[in-house]
Structures are given as C-alpha cells and as structure tokens.
Amino acid sequence: MPNSKILSALLISLLCLFASSPKAYGAGNTTTTALAVSANSVSAGTAITLTATVAGQIPVTAGQVMFCEATAVHCDGAALFGVAQVTSSHTAAITLRLGVGSYGINAVFSSFLGAVGSTSATQTLTVPGGHGEFL
C-alpha cells in the first residue's frame, strides 16, 4: 500500500507540472499559417472561400484568423475581409463576394492561449470587369 500512495503522489505531481507548463497551453508554440483561395480569378459577385491552415509545434485548435488586404498597414476597417475562429481541424475559413479589382490577401493568425502569431504568404485574387460595365 505505501508504494501505491507514493506512485499516486508522483503521478499527481507530474500532472500538475504538465498543467502548469507554458507548452501545455501553447505559450511559445511557434506557428505557420498557410492561405488557400478557392479561385484566383472570379466574376464579380461570385462567392469565394478563403481558408487558412495553422500549424504549430503543438497542434493549433484555438485562436482566430483575420483575412486582410495585404497592402494595408493595419488589418482593420476596409482592409479586413473577415475573421474566423480556428477549428479542431486547424483551419479557419470565410466565404465572401468581392467587387471588380485586384486583391492581395493575407491570413493573420493570433491566439489568446499564448501561441506565437503568424501571417501567411500573400495570395492574389482578380475580379475582372467587363467593357461597358458601371463600376
């Protein structure tokens, strides 16, 4: 019996140590974010899906991704296409319709659990306008 008490105490100590470890909550977990665009050229008004995949040393299943105009200094206001929560499949996605123009889009991951944020490479999207259209 004394050995089982020692073993139980040791197990509880290890669990407490792991639970208090910053890595257990993602602190210091460096991440990478990849952005996929469902199409690189669409007609005006056509729905497109932007999907970000977030990877880390520890699997990333929480946090948010902002989808932003890549040339903007800050990802807010008109430069923010939308925000989505990261799911258990390590992805975040939005669907939107854009007007005529050329767009450079980034996905910017941030976490409230301490994982290090990351930004995707820029993906381009073109929505061509026809001749004689009113813009």
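Just a yes or no: is a residue in region 77-99 at pLDDT below 90 and hydrophobic (A, V, I, L, M, F, W, C)?
Taking region 77-99 as the starting set, the residues that turn out to be at pLDDT below 90 are none.
So far as region 77-99 goes, no, none of its residues is at pLDDT below 90 and hydrophobic (A, V, I, L, M, F, W, C).
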Q) When only residues in region 101-130 that are surrounded by 14 or more Cβ atoms within 10 Å (Cβ to Cβ) and of a type in the set (Phe, Trp, Tyr) count, which is farthest from Thr71 (Cα to Cα)? A) Phe109
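One line per residue, one yes/no per condition, for (1) within 14 Å of the chain's Cα centre (by Cα); (2) part of a loop (DSSP other than H, G, I, E, B); (3) free of Cβ contacts under 8 Å to residues at least 12 places away in the same chain:
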residue: Thr51; (1), (2), (3): yes, no, no
residue: Val54; (1), (2), (3): yes, no, no
residue: Val65; (1), (2), (3): yes, no, no
residue: Thr71; (1), (2), (3): no, yes, no
residue: Phe81; (1), (2), (3): yes, no, no
residue: Ala93; (1), (2), (3): yes, no, no
residue: Leu96; (1), (2), (3): no, no, no
residue: Ser102; (1), (2), (3): no, no, no
residue: Thr126; (1), (2), (3): no, no, no
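The values are calculated or read from the model by the stated rules, or taken from the named source; none is laboratory data. Only a predicted model underlies this, so the values are computations on that prediction, with no experimental measurement involved. All Cβ positions, glycine included, derive from the backbone under ideal geometry; neighbour counts span all protein chains shown.
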